[in-house]
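The values are calculated or read from the model by the stated rules, or taken from the named source; none is laboratory data. Keep in mind that this is a model prediction, so the values were computed, not measured. Glycine also receives a Cβ, built like all others from the backbone with ideal geometry; neighbour counts cover every protein chain displayed. For accessibility, only protein heavy atoms count, side chains too; no ligands or nucleic acids. Shrake-Rupley method; radii C 1.70, N 1.55, O 1.52, S 1.80 Å.
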Amino acid sequence: SSPNRVSLGRLALDTPFENEFIVSSRSATPFEIQKIEAIGTMHDLVAFEWAPVDPKKRDAYRVTFRGTPEAELRQSGKFVVHTDVRDETRIDVAYYGWVPRNVAAPVPPARTIGGQQT
């Protein structure tokens, strides 16, 4: 597959994202994708669509995935692409990214200087 891993980058909590990657047969044989599943932190938060890069060859597919992070944490795992190629029935593509914590900056306490509060 190309690439072996996908960077999701910095994601925002409860905000939809979309990304893509291309998966291809190492043997350059035509194939069909049977299904794709996500394992890891995004396991039930991602939907996939795919289409051949070249419909005549069918030896590579552009995979588009969409999701919405529901937790403020590091996102990691793998997308498992199931194919009908005899020696490549499973192609793993690792993914990683993060959802930063949305923590407001602390308000400093009021200070008293010379009898006046600042």
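So in region 1-26, with the set limited to residues that are of a type in the set (Gly, Ala, Ser) and part of a loop (DSSP other than H, G, I, E, B), which one is nearest to residue 99 (Cα to Cα)? I'd like the intermediate steps shown before the answer.
Filtering region 1-26 down to residues of a type in the set (Gly, Ala, Ser) leaves 1-2, 7, 9, 12, 24-25.
Then drop every residue that is not part of a loop (DSSP other than H, G, I, E, B), which leaves 1, 12, 25.
Numbers: 1: 26, 12: 6, 25: 32 Å.
Checked region 1-26; the qualifying residue nearest to residue 99 (Cα to Cα) is 12.
When the residues of region 1-26 are narrowed to those that are touching a residue at least 60 places away in the same chain (Cβ under 8 Å) and crowded, with 16+ Cβ neighbours inside 10 Å, which ends up nearest to residue 86 (Cα to Cα)?
Among those residues, the one meeting the criterion is 25.
I need the strands (runs of 3 or more DSSP E) fully contained in region 27-80, keeping only those with at least 3 residues that are open to solvent by less than 40 Å² (accessible area, probe 1.4 Å) and of a type in the set (A, V, I, L, M).
The qualifying strands (runs of 3 or more DSSP E) are 33-40.
Mind checking which residues of region 41-62 are touching a Phe, Trp or Tyr at 6+ places or on another chain (Cβ under 6 Å), within 15 Å of residue 26 (Cα to Cα) and of a type in the set (A, V, I, L, M)?
Within region 41-62, none qualify.
Might you let me know whether region 57-67 holds any residue that is over 12 Å from the mean Cα position of the chain (by Cα), at pLDDT 95 or above, over 13 Å from residue 96 (Cα atoms) and of a type in the set (Ser, Thr, Tyr)?
Among the residues of region 57-67, at least one is over 12 Å from the mean Cα position of the chain (by Cα), at pLDDT 95 or above, over 13 Å from residue 96 (Cα atoms) and of a type in the set (Ser, Thr, Tyr), which makes the answer yes.
Please go through region 3-54 and pick out each residue that is out of contact with any Pro (no Cβ under 9 Å at 6 or more places or on another chain), closer than 14 Å to residue 71 by Cα and charged (D, E, K, R).
Selection gives 44 alone.
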